[in-house]
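Participant: Here you go, one structure.
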Amino acid sequence: MSRTSCRFCGSPVDAVFADLGMSPLANSYLPPEAANSMEPFYPLRALVCEKCFLVQLEEFETPERIFSDYAYFSSYSSSWLEHSRRYAEQMIERFGLGGASHVVEIASNDGYLLQFFHERQIPVLGIEPAANVAKVALQKGIPTLVEFFGARAAQSLAAESAADLLIGNNVLAHVPDLNDFLAGIKILLKPGGVITMEFPHLMRLIEENQWDTIYHEHFSYFSFLTVSRVFEAHGLALFDVEELPTHGGSLRVYGAHAEDAEKPEGEAARELRERERGAGYERLETYLGYGRRVEQDKRQILGFLIGLKEQDLRVVGYGAPAKGNTLLNYCGVRRDFIEYTCDLNPHKQGHFLPGSHIPIRSPDVLREDRPDVVLILPWNLKDEIVQQLSFIREWGGRFAARTPELTLLS
Ligand SMILES: [Zn+2]
């Protein structure tokens, strides 16, 4: 096997963090006409760098292929929209943004976030690699460039579009060339400007056993210590951090030019670095024991599902998120355990989950079909979903979800 070099520091990487076997791309939902065709599977194996402790996937597929027809439209989740609206309000107030400011978002999706700045007459620009998604943003009046962000794109934009606030939410983990991406940020950020980024926190992934958030589109998994090093290497300093409940536990980091004396490191940033250091995030052993916990969890999940089927219960899924596909494919769960899954997104309905080929239906079928157990795949949204589907209790239906152990909810 060829040796992989670290996506950040270039050191050879071969320490295994978690090996989830062979898996198709988690966002490759199959249309009905492809349901009987061959599907490409790739190794889904996360490694950890012994030098900088970046947890990362080996690369098997080009980013263009992974992202060119991305089915995810942010505006379909009401809680995510609310999160975005509050974020925009906070930033406008904290950094005094107004009509003379410029807000740029990388991976701006369908404009779900920039619309809240746009409404307040603050000039915005979105940069989004998926053309079908960018088109929706343009229809809403959000200026959007269809492009992969990096140093080259930043150079052509910097003269006219340098940013007072540069946003990258749930993009850092998806960046194939981390150093080129950070170089672009350094170029596009105005002197005195602020960058904020949100991404899942590796500490939550490890402590709460969220290995199903590992999938091919997700190249890197960051602790605050490691992400601080990555920014530092590009002349940027992280001066603040918030821990958010989104996606099972995310960080929102605040960065500025390292030479910006007006933004000294705050208490929250210092405290989190110390907490991670204390928990062993700069020691290889902390990472090497994780794979065994993943294997144990697979046995628990299969034991739970076998138990339900042995009682002759009918089990269906709810949601068709990427993390559901990692779970189902790693555990080898197919229609023998889960008859179908339901999703509100009309772009996914009528399609099949990659690998498992479980059909995706509209949530409307639940009332008629009356399954015994609804397994919630996006466990991070379980409270919202339990409320929406409380009617399944009319026929004695029950919910199941990972909490982090897979269990029936009371
Ligand atoms: Zn490294």
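The values are calculated or read from the model by the stated rules, or taken from the named source; none is laboratory data. Predicted model only: the values in this text are computed from it and were never measured. A quick note on method: Cβ atoms are made from the backbone with ideal geometry, for glycine too, and the neighbour counts reach across all protein chains shown. The accessibility values were calculated without ligands, DNA or RNA, using every heavy atom of the protein model including side chains. Shrake-Rupley method; radii C 1.70, N 1.55, O 1.52, S 1.80 Å.
Participant: How big is the C-alpha Rg of the range 172-249 next to the rule-of-thumb value 2.2 N^0.38 Å, as a ratio?
Facilitator: 1.15
Participant: A further question follows. With the other protein chains left in place, how much accessible area per residue, in square angstrom, belongs to the chain at a 1.4 angstrom probe?
Facilitator: Value for the chain: 42 Å² per residue.
Participant: Sticking with this structure for a sec: Using a 7 Å offset from the Cα along the Cα-to-Cβ direction at both L288 and R270, what is the distance between the two label points in nm, to one decimal?
Facilitator: So the two model labels end up 3.4 nm from each other.
Participant: Tell me which trypsin sites (Lys or Arg not before Pro) from the range 232-290 have a DSSP coil assignment and no more than 14 other beta carbons within 10 Å of their own.
Facilitator: Of the trypsin sites (Lys or Arg not before Pro), the ones in loops of the range 232-290 whose Cβ has at most 14 other Cβ atoms within 10 Å are R283.
Participant: Also, I was wondering about something else. What does the convex hull of the Cα atoms come to per residue for the chain, in Å³?
Facilitator: Working: hull volume 60.1 nm³, N = 410.
Taking only Cα atoms, the chain has a hull volume of 147 Å³ per residue.
Participant: Where the only charges are on Cβ atoms (+1 Lys, Arg; -1 Asp, Glu), what is the dipole of the range 241-320 about its Cα centre, to the nearest 20 debye? Please list the in-between numbers first.
Facilitator: Values: 13 positive and 16 negative charges, 128 e Å.
So the magnitude is around 620 debye.
Participant: Another question, then. Hey, what's the Cα Rg ratio for the range 1-44 versus the globular rule of thumb, 2.2 N^0.38 Å?
Facilitator: That works out to 1.64 for the range 1-44.
Participant: In the neighborhood of K309, defined by Cβ-to-Cβ distances under 15 Å, what is the net charge if each Lys or Arg adds +1 and each Asp or Glu adds -1?
Facilitator: Local net charge: -1.
Participant: Where does the range 214-354 land on the Kirkwood hydrodynamic radius, alpha-carbon pairs, in angstrom?
Facilitator: Roughly 18.8 Å, rounded to one decimal.
Participant: Quick check on the chain: of the DSSP beta bridges with both residues there, what percent are antiparallel, nearest 5%? Intermediate results must be reported in sequence, preceding the final value.
Facilitator: On the way: 32 of 60 bridges.
Rounded to the nearest five, the antiparallel share is 55 percent.
Participant: Taking +1 at the Cβ of each Lys and Arg and -1 at the Cβ of each Asp and Glu, which of G332, H357, V315 sits farthest along the dipole of the range 298-368 towards its positive end, judged by Cα position relative to the Cα centre?
Facilitator: G332
Participant: Of L302, A269, L44, whose Cα points farthest to the positive end of the dipole of the chain (charges on the beta-carbon: +1 Lys, Arg; -1 Asp, Glu; origin at the Cα centre)?
Facilitator: After comparing all options, I get L302.
Participant: Suppose each label sits 7 Å from its Cα in the direction of the beta carbon; what would the D369-R335 distance come out to in nanometres?
Facilitator: 1.1 nm
Participant: Let me ask you something else. Which one of N170, Y112, L138 is farthest out on the positive end of the charge dipole of the range 85-187, using unit charges on Cβ (Lys, Arg +1; Asp, Glu -1) and the Cα centre as origin?
Facilitator: Y112
Participant: When the chain is fully extended, how far beyond the present Cα-Cα distance does R120 get from D177, taking 0.36 nm per residue of separation?
Facilitator: 17.1 nm
Participant: Right, another one. Assuming 0.36 nm per residue, please report the length gained on full extension of the stretch Q387 to K140 beyond their Cα-Cα distance.
Facilitator: On the way: separation 247, 0.36 × 247 = 88.92 nm, distance 3.04 nm.
The Q387-K140 span can extend by a further 85.9 nm.
Participant: Calculate how large, on average over all directions, the projected area of the Cα convex hull of the range 258-332 is; give the answer in nm² to one decimal.
Facilitator: 9.2 nm²
Participant: Okay, helix-only estimate at 222 nm for the chain: each DSSP H run of n ≥ 4 adds -39500 (n - 2.57), divide by all residues, round to 500 deg cm²/dmol; what do you get?
Facilitator: -9500 deg cm²/dmol
Participant: Further question on the same structure: Could you list the GluC sites (Glu not before Pro) in the range 217-306 that lie in coil according to DSSP, counting only those with at most 10 other Cβ atoms within 10 Å of their Cβ? Can you show the working numbers first?
Facilitator: Numbers: sites: E217, E232, E242, E243, E259, E262, E265, E267, E271, E274, E276, E282, E285, E295; in loops: E217, E259, E262, E265, E282.
Loop-located and lightly packed - E259, E262.
Participant: OK, next. What does the extension gain come out to for A158 and A233, with contour length at 0.36 nm per residue minus their alpha carbon separation?
Facilitator: On the way: separation 75, 0.36 × 75 = 27.00 nm, distance 2.04 nm.
Between A158 and A233, full extension yields an extra 25.0 nm.
Participant: Right, here's the next one. Calculate the FRET efficiency for R277 and S79 from the Cβ-Cβ distance with a Förster distance of 51 Å, rounded to the nearest 0.05.
Facilitator: 0.95
Participant: Compute, for the chain, the length of the dipole vector about the Cα centre, with Cβ point charges of +1 (Lys, Arg) and -1 (Asp, Glu) only. Units Debye, rounded to 20.
Facilitator: 440 debye
Participant: Highest GNM mean-square fluctuation, the chain, Cα pairs closer than 10 Å: which of G184, G141, G350?
Facilitator: Comparing G184, G141, G350 in the GNM, the peak value goes to G141.
Participant: Also, I was wondering about something else. Treating only the Cβ of Lys, Arg, Asp and Glu as charged (+1, +1, -1, -1), what charge dipole size does the range 101-253 show about its Cα centre? Round to the nearest 20 debye. The partial results should precede the final answer.
Facilitator: Working: 9 positive and 18 negative charges, 74 e Å.
Dipole magnitude for the range 101-253 comes out near 360 debye.
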